[in-house]
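Enquirer: Here it is, the structure in full.
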Amino acid sequence: MLTRREALLGTAAGTAGAVLLAAMAATPALAQVPAADIKSLPRQKVNLVAPPFVHEHEQVATGGPKVVEFQLTVKEQPVVIDREGTTMRAMTYNGSIPAPMMIVHEGDYVELTLVNPETNEMPHNIDFHAATGALGGGALTHVNPGEQVVLRFKATRTGTFVYHCAPEGMIPWHVVSGMSGTIMVLPRDGLKDGNGKQLTYDKLFYIGENDFYVPRDENGKYKSYETLGESYEETLNVMRGLIPTHVVFNGKVGALTGDNALKAKVGDKVLIVHSQANRDTRPHLIGGHGDHVWEQGKFSNAPAKDLETWFIRGGSAGAAFYTFLQPGVYAYVNHNLIEAAELGATAHIMVEGEWNDDLMAQVSAPGPIRAI
Amino acid sequence: MKLKVQASMAIAATMLAAAGAFAPQVVEIAGKAPAQMAAEPETVAIAPGSFDLRLPGEFLKNDYPVDAPLQATKVQRGFAIMKYQVSAADYARCVADGACEAPEASAITAGDDMPATGVSYRDATAYAAWLTERTGAVWRLPTDTEWAFAAGERYADDALLLDSNGSNPAERWLARYRSETGKSEPDPEPKTRGHFGTNAKSVADIAGNVWEWTTTCYTRTRLADGAAKAESLDNCGVRVVGGKHRGYMSYFIRDGKSGGCAAGMAPDNLGIRLVREPDSLLARFRKLLPAKVA
C-alpha cells in the first residue's frame, strides 16, 4: 500500500514539497493540510467494539496519517445498573456504558458520524477532549432525533481522552446518564517508558467508571421512570447533592466480575485505560502495581513509575501499563474502598500462571498462637 | 477481611452469650393471648438417614489449603424444618412486636409470599426466639449438617478436587472463583415463595438466591497425615450460611454482598429457615388445654 507521503513524493512536487512534508511529519500538530490533501489520504473504516474490549489496532503506525471513520449511534434506553435490578433511564453512544474506545495515531483524522435515531427523545452532540475548537466539536454536532452529522478533527495530541455529550443546559445529566467514552491517540511510534524504551502491550482493558444518581421513593427503594423526561427533575436533585448512589465500572455493579471478570496470564503486559468523565477517582490494582502510569493520560509526558494508586481527574482518562508477575484473582478497584465495595467500583482480573515464591510465600500457615 | 473477622471474635462471643441465642429450651409463655400467636409455619419432616458431608471450614495439610474431608454422616433423628424461608411478613410481625430489628432498608420486601432478606445471624436468632415464644414450639437455626442434609440433591459439594500439591496458592483461588461464579445466579432480586421449586425432600426454595444462616461456626483445621484432625480453631464470630455454595459470614452482616471479600463471590441475600424441635412434654400438655387457660 502506498502511503500518502510516498504518493506525494512520487509526484513532481519536488524538493520543496518533500521538505515541507518532512516538517509536517515531525510536527503534525502545527501543519495545516489543505482539504484536498485530506481527501487524498487513505481512509479506514473502523467498527467499534463494546468495552472492556477495543477494536483491533496497530500500536506502532505503519504508513502515514489517514482518515479513520467511526460511527456512534445514540441510544436512549433503560439499563440495569446493579444486581438488584435497579433500572436507570440511560443515554448512551452505541448502547454501552462507557461508550466504545476509538484508537488512532497522532496526525490521523478522526471522522465521526453521529446518528440520533428518531426514536430518541433528546437532542445530543459530542465533545471530544482530544479535539481543538468548537467546544471539542460540541458546537458542530448538535443532532435532533432523526438527524445525523459528520465531524472531522485532527488528532494532534497523543494520549487517552474523554469524549462526552454536551448539550447546552443539560451537560452533566447527559454525562452521568452514560454518555461518555474514550479516544486514545497513540504516538505514531507507539508507547515509550520515558527512557526511549518501547512499551508494547499484549492486552488492553478499557475501564469506564461512572457515578450514577438514582432517586429513591419514600421507602428508600430506587425509582424507575417511563421516560427520560420524567426522570430528569428528580435525578437532578440527587445530582446536586453530589453523592452518587452507584459508582461502577462499565455501566453496572459487577459488570467486570464473575463470568465477566477480565483475564490475563503471568507475563502479560496489560494497558489499563481508565476513564471518568465527571468525577475524580483513584484506581488501584490490589496485589499489583502500575509499572508505567500516565495519570493524566498524555503520552508526551514520561510515565510515572511503580505507582500503588493513581489519580484520574474527573473529565479525563489515564493509562497504566503493568506486567502481571503472580497468578491469582486480582481486584482492580477505585481505592475509595467505600465506593469500591459498597457502591460498585470493583473489577476482577483472573490471572493464570506459575506462583513466584521469591516474590511472596506464606512462611507459616494460620494456626494457633504459639509462645513467642 | 481476615483481620476484621479476628477482631470480631471477642465481640461476637459476648453478644451471643448475652442474647442466649442457642437452642432455646422450653420457653415460658406468660400472659400472651393465644389469638396473637403467629400461625404455626409449615414444616417438612426430614427423615433420618445418612449422607456424605463435605465438612465446613478451612482445612490445611502441610501448611497448604486442601479440600475438606468428606465425612460419612448419620442423621440419627429426623427433624422438622420450615418448608419455606421465613417470609417478609412474618419477620415484620416480629419487628412489630419489638423482638426483631427492622431489616436493612434496601433489602425490605413485603408480604407473605416474599422471603425476609437483609437479616443477620443476630436477627435470625432473635426471630427464632420470638417464634418460639409465640408458638410454644421450640424453633432454632439448623446446623450446617442439618442444612446440607435437608438441601438434599441441591447441596453442592464445594470441594475443588484439584490435582496439585498446593505450591501454587493461586490455583485454588482461581478454581474457587470459577466454581462460585458458575453457580451464582445473575439476578439476586428476591423471588416470591416457591419460585425455586422444591427439592426431593419437599423443601422449597432451598439453595435459591437467598442463603440461610446456620449455627455452625467457621473452623480452621490442620490435618495430620490422612484425615485425622491435628488441631483446629473455631471462630464463632463467623457462621456458615447455606446456599448455592457454602458461605461464611460475620454474625452481624445483613447484606451478603458487602460482607464478602474483595475477590470472592458473596451470597446474593441472607435469610432464615428454622428447624422445629419436637414438642417437649410440657408443650404437648399445653396443647391439650383450652386456649383461654394457656
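Enquirer: Filter the stretch B:228-272 down to residues that are part of a strand (DSSP E or B) and modelled with pLDDT under 85 and give me whichever is surrounded by the most Cβ atoms within 10 Å (Cβ to Cβ).
Expert: First, the residues of the stretch B:228-272 that are part of a strand (DSSP E or B): B:229-242, B:247-250, B:270-271.
Now drop any that are not modelled with pLDDT under 85, which leaves B:229-232.
Values: B:Lys229: 13, B:Ala230: 12, B:Glu231: 12, B:Ser232: 16.
Residue satisfying both the conditions and the ranking: B:Ser232.
Enquirer: Could you go through the stretch B:173-193 and let me know if any residue there is of a type in the set (Phe, Trp, Tyr), at pLDDT 85 or above and not in a helix (DSSP H, G or I). Walk me through how you get there before you give the answer.
Expert: As a first pass, look at the stretch B:173-193 and keep what is of a type in the set (Phe, Trp, Tyr): B:173, B:177.
Narrowing the set further to residues that are at pLDDT 85 or above leaves B:173, B:177.
Still in the running and not in a helix (DSSP H, G or I): none.
Within the stretch B:173-193 (the criterion being of a type in the set (Phe, Trp, Tyr), at pLDDT 85 or above and not in a helix (DSSP H, G or I)), the answer is no, since none of the residues qualifies.
Enquirer: Out of the residues in the stretch A:345-372 that are farther than 17 Å from A:Trp310 by Cα and more than 10 Å from every other protein chain (Cβ to nearest Cβ), which is most open to solvent (accessible area, probe 1.4 Å)? Walk me through it before giving the result.
Expert: First, pick out the residues of the stretch A:345-372 that are farther than 17 Å from A:Trp310 by Cα: A:348-372.
Restricting the remaining residues to those that are more than 10 Å from every other protein chain (Cβ to nearest Cβ) gives A:358-359, A:370-372.
Details: A:Asp358: 140, A:Leu359: 99, A:Arg370: 145, A:Ala371: 104, A:Ile372: 209 Å².
Taking the candidates together, the pick is A:Ile372.
Enquirer: Go through A:Glu218, A:Glu234 for me and flag whichever is surrounded by fewer than 18 Cβ atoms within 10 Å (Cβ to Cβ) and under 25 Å from A:Val74 (Cβ atoms). Give the steps one after another, and end with the answer.
Expert: On the way: A:Glu218 fails: under 25 Å from A:Val74 (Cβ atoms).
Being surrounded by fewer than 18 Cβ atoms within 10 Å (Cβ to Cβ) and under 25 Å from A:Val74 (Cβ atoms) holds for just one of A:Glu218, A:Glu234, which is A:Glu234.
Enquirer: Provide a single number: the residues in the stretch A:310-334 that are within 24 Å of A:Tyr163 (Cα to Cα) and open to solvent by 40 Å² or more (accessible area, probe 1.4 Å). Outline the logic, then answer.
Expert: As a first pass, look at the stretch A:310-334 and keep what is within 24 Å of A:Tyr163 (Cα to Cα): A:310-321, A:332-334.
Then drop every residue that is not open to solvent by 40 Å² or more (accessible area, probe 1.4 Å), which leaves A:311, A:313.
Of the residues in that region, 2 qualify.
Enquirer: Which of (1) over 30 Å from B:Phe285 (Cβ atoms); (2) under 17 Å from the mean Cα position of the chain (by Cα); (3) open to solvent by 10 Å² or more (accessible area, probe 1.4 Å) does B:Tyr121 not meet, given it meets every other one?
Expert: Condition (3) is where B:Tyr121 drops out.
Enquirer: Filter the stretch A:325-344 down to the residues that are acidic (Asp, Glu) and within 7 Å of another protein chain (Cβ to nearest Cβ) and list them by number.
Expert: So the first thing to find is which residues in the stretch A:325-344 are acidic (Asp, Glu), and the list is A:339, A:342.
Passing the criteria: only A:Glu342.
Enquirer: Tell me, please, whether a residue that is closer than 30 Å to B:Ser167 by Cα, within 14 Å of chain A (Cβ to nearest Cβ) and touching a helix residue (DSSP H, G or I) at 6+ places or on another chain (Cβ under 8 Å) can be found in the stretch B:97-115.
Expert: Looking only at the stretch B:97-115, we keep the residues that are closer than 30 Å to B:Ser167 by Cα, and these are none.
No.
Enquirer: Take residues that are touching a helix residue (DSSP H, G or I) at 6+ places or on another chain (Cβ under 8 Å) and tell me which of the strands (runs of 3 or more DSSP E) falling wholly in the stretch A:185-299 contain 2 or more. Give the steps one after another, and end with the answer.
Expert: Values: elements: A:203-212, A:246-249, A:262-265, A:269-276, A:283-285, A:290-294.
Answer list for the stretch A:185-299: A:203-212, A:246-249.
Enquirer: Turning to a different aspect of this structure: Could you list, in sequence order, the residues of the stretch A:278-308 that are over 27 Å from A:Arg188 (Cβ atoms) and open to solvent by less than 20 Å² (accessible area, probe 1.4 Å)? Give the derivation first.
Expert: Going residue by residue through the stretch A:278-308, those that are over 27 Å from A:Arg188 (Cβ atoms) are A:278-289, A:306, A:308.
Result: A:Thr281, A:Pro283, A:Leu285, A:Gly288.
Enquirer: With (1) at the interface with chain A (Cβ under 10 Å from one of its Cβ atoms); (2) within 19 Å of B:Glu58 (Cα to Cα); (3) free of Cβ contacts under 8 Å to residues at least 60 places away in the same chain; (4) charged (D, E, K, R) as the list, and B:Glu189 as the residue in question, which single condition is left unmet?
Expert: With respect to (1) at the interface with chain A (Cβ under 10 Å from one of its Cβ atoms); (2) within 19 Å of B:Glu58 (Cα to Cα); (3) free of Cβ contacts under 8 Å to residues at least 60 places away in the same chain; (4) charged (D, E, K, R), B:Glu189 is out only on (2).
Enquirer: Would you check if A:Val150 is part of a strand (DSSP E or B) and open to solvent by 40 Å² or more (accessible area, probe 1.4 Å)?
Expert: Working: part of a strand (DSSP E or B): yes; open to solvent by 40 Å² or more (accessible area, probe 1.4 Å): yes.
Yes; evaluated as a whole, the condition is true for this residue.
Enquirer: Does B:Arg222 count as in a helix (DSSP H, G or I) and surrounded by fewer than 20 Cβ atoms within 10 Å (Cβ to Cβ)?
Expert: Values: in a helix (DSSP H, G or I): no; surrounded by fewer than 20 Cβ atoms within 10 Å (Cβ to Cβ): yes.
So B:Arg222 fails the test.
Enquirer: Moving to a separate point now. Given B:Gly166, B:Gly208, which one is assigned to a loop (DSSP other than H, G, I, E, B), open to solvent by less than 20 Å² (accessible area, probe 1.4 Å), more than 14 Å from chain A (Cβ to nearest Cβ) and out of contact with any Gly (no Cβ under 7 Å at 6 or more places or on another chain)? Can you show your working first?
Expert: Values: B:Gly166 fails: more than 14 Å from chain A (Cβ to nearest Cβ).
B:Gly208 is the lone residue from the list that is assigned to a loop (DSSP other than H, G, I, E, B), open to solvent by less than 20 Å² (accessible area, probe 1.4 Å), more than 14 Å from chain A (Cβ to nearest Cβ) and out of contact with any Gly (no Cβ under 7 Å at 6 or more places or on another chain).
Enquirer: Can B:Asp158 be described as more than 14 Å from chain A (Cβ to nearest Cβ), open to solvent by 30 Å² or more (accessible area, probe 1.4 Å) and either touching a His at 6+ places or on another chain (Cβ under 7 Å) or part of a loop (DSSP other than H, G, I, E, B) (or both)?
Expert: Details: more than 14 Å from chain A (Cβ to nearest Cβ): yes; open to solvent by 30 Å² or more (accessible area, probe 1.4 Å): no; either touching a His at 6+ places or on another chain (Cβ under 7 Å) or part of a loop (DSSP other than H, G, I, E, B) (or both): yes.
Criteria not met by B:Asp158.
The values are calculated or read from the model by the stated rules, or taken from the named source; none is laboratory data. Keep in mind it's a predicted model, so treat the numbers as computed, not measured. Virtual Cβ from ideal backbone geometry, glycine too; neighbours counted across all protein chains shown. Calculation scope for accessible area: heavy atoms of the full protein, side chains included, ligands and nucleic acids excluded. Shrake-Rupley method; radii C 1.70, N 1.55, O 1.52, S 1.80 Å.
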